[in-house]
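The values are calculated or read from the model by the stated rules, or taken from the named source; none is laboratory data. On a predicted model such as this, the values are computed, not experimentally measured, just so you know. Cβ atoms come from the backbone with ideal geometry, glycine included; neighbour counts cover every protein chain shown.
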Amino acid sequence: MASTYTPLGIEIMATGENAGTWGTKTNANLNLFEQLTGGFSTLSIAGGANTTDLTVIDGTTTGTAQYRMIEFTGAITGNQIVTIPLDIQTFYFLRNSTTGSFTVQFKYVTGSGTSSTFATTDKGDKLLFAAADDGTNPNIKEISLASPPGGSDTQIQFNDGGTAFGGSANLVWDGTNVVLDSEGELRLGDNAGTEYVGLKAPATVSASYTLNLPTATGTADQILKTDGSGNLSFGDVAGGASWQAVITADPANAVAGNGYFVNTTSAAFTITLPTSAAIGDFISFIDYAGTFDTNNLTIGRNGHNIQGAAADLTVATERAGFTLVYVDSTQGWLLQNN
């Protein structure tokens, strides 16, 4: 009589070939062997917090722990625990297809061995070894399903064209940095997946450089600027002072980027420059009442040079209007006539 086979190709004893108890038990064991090596089962664990014990039924295919692949299903309203007997030594492919933001833990029925848990938002897959490595406290060992595709373990490659990976499609870890080795753009897509913002290097760069982003977002209407060494920061737009109300006394040190209408009608006085300054900082001054010639304005240098000299600046010209721009520690604040 012709042979009979299981869906995975294991030959079983057909009626007439090995009639009797021996043939029946052999068939049952062969079917069980196939289920253990390649069987798939769905298991509902729906409901509130609960423990579901998977079982082994000797000599039959009815045990719920006797499948290679198990998919958990159902709407869960509490954290779930799924257990296996202490002596099981095998591996499982598990999928969490439940709904509800609760954990699903897979473990041995008793003992203090390690377990594996699907987090509240993890509706994914796990590959687990049930080690049976201790009679009392055996461990469940989780094997990562994520690994770098293609190339070596120091190179991540992406390609959706169906052809071999190319050198211009690589994200490369050089031991310190992740490098986009590409002649194209780095594109950051919007939520709809229809539009993007792209970043692209020039076709030719004379020398490599790095731009370090600011530590904070800055304030409204500021611009992004560099210090010449690749350090970016937000600052006010150069070339336009933020003009202040008329002053008749030192405003507790002038502020870079401000413009001051100075009224010395009552008396001469001193305006002190900021304690610290950076290249490009500027401050503007205007003789409000035309009295600088009779009551002079003095600019206190506050430790900085003015026009390359370690001396305060005295302004005695009627209706004078001028701007001081900081350059460096040698020249300090330089005079820019308006």
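The figures follow:
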| read-out | value |
| --- | --- |
| Members of segment 203-217 found to be surrounded by 10 or more Cβ atoms within 10 Å (Cβ to Cβ) and touching a Ser or Thr at 6+ places or on another chain (Cβ under 8 Å), listed by number | PRO214 |
| All positions within segment 318-338 that are under 12 Å from PHE285 (Cα atoms) and out of contact with any Leu (no Cβ under 9 Å at 6 or more places or on another chain) | ARG319, GLY321, ASN337, ASN338 |
| Residue satisfying all of: in segment 53-78; polar (S, T, N, Q) and surrounded by fewer than 17 Cβ atoms within 10 Å (Cβ to Cβ); farthest from the chain's Cα centre (by Cα) among these | THR60 |
| Condition check for LEU335: over 12 Å from ALA254 (Cβ atoms) and either without any contact (Cβ under 8 Å) to a residue 24 or more places away in the chain or assigned to a strand (DSSP E or B) (or both) | yes |
| Number of the condition not met by ILE283 [criteria: (1) in contact with a Leu (Cβ under 6 Å, 6 or more places away or on another chain); (2) surrounded by fewer than 17 Cβ atoms within 10 Å (Cβ to Cβ)] | (2) |
| Qualifying residues in segment 218-227 (those that are among the charged types (D, E, K, R) and in a loop (DSSP other than H, G, I, E, B)) - the one surrounded by the most Cβ atoms within 10 Å (Cβ to Cβ) | ASP227 |
| Considering residues of segment 249-265 that are assigned to a loop (DSSP other than H, G, I, E, B) and at pLDDT 95 or above only, the residue farthest from GLY321 (Cα to Cα) | THR265 |
| Qualifying strands (runs of 3 or more DSSP E) (wholly inside segment 128-209; at least 1 residues being within 24 Å of the chain's Cα centre (by Cα), modelled with pLDDT of 85 or more and under 30 Å from GLY228 (Cα atoms)) | 186-189, 196-199 |
| Of all residues in segment 228-248 being of a type in the set (A, V, I, L, M) and surrounded by 15 or more Cβ atoms within 10 Å (Cβ to Cβ), the one that is modelled with the highest pLDDT | ILE247 |
| Search result, residues across segment 240-268 that are farther than 19 Å from ARG319 by Cα and among the aliphatic types (A, V, I, L, M) | ALA252, ALA254, VAL255, ALA256 |
| Residue in segment 314-332 that is surrounded by fewer than 18 Cβ atoms within 10 Å (Cβ to Cβ), of a type in the set (D, E, K, R) and under 18 Å from ASN253 (Cα atoms) present | no |
| Search result, residues across segment 79-93 that are more than 33 Å from the chain's Cα centre (by Cα) and assigned to a loop (DSSP other than H, G, I, E, B) | PRO85, LEU86, ASP87, ILE88, GLN89 |
| Complete set of residues in segment 42-72 that are among the β-branched types (Val, Ile, Thr), part of a strand (DSSP E or B) and more than 15 Å from THR99 (Cβ to Cβ) | THR51, THR52, ILE70 |
| Residue count for segment 94-117, restricted to those that are in a strand (DSSP E or B) and within 29 Å of the chain's Cα centre (by Cα) | 8 |
| Enumeration of residues in segment 84-102 that are buried (at least 18 other Cβ atoms within 10 Å of the Cβ) and of a type in the set (S, T, N, Q) | ASN96, THR98 |
| Test for GLN244: is it farther than 28 Å from GLN307 by Cα and not acidic (Asp, Glu) | no |
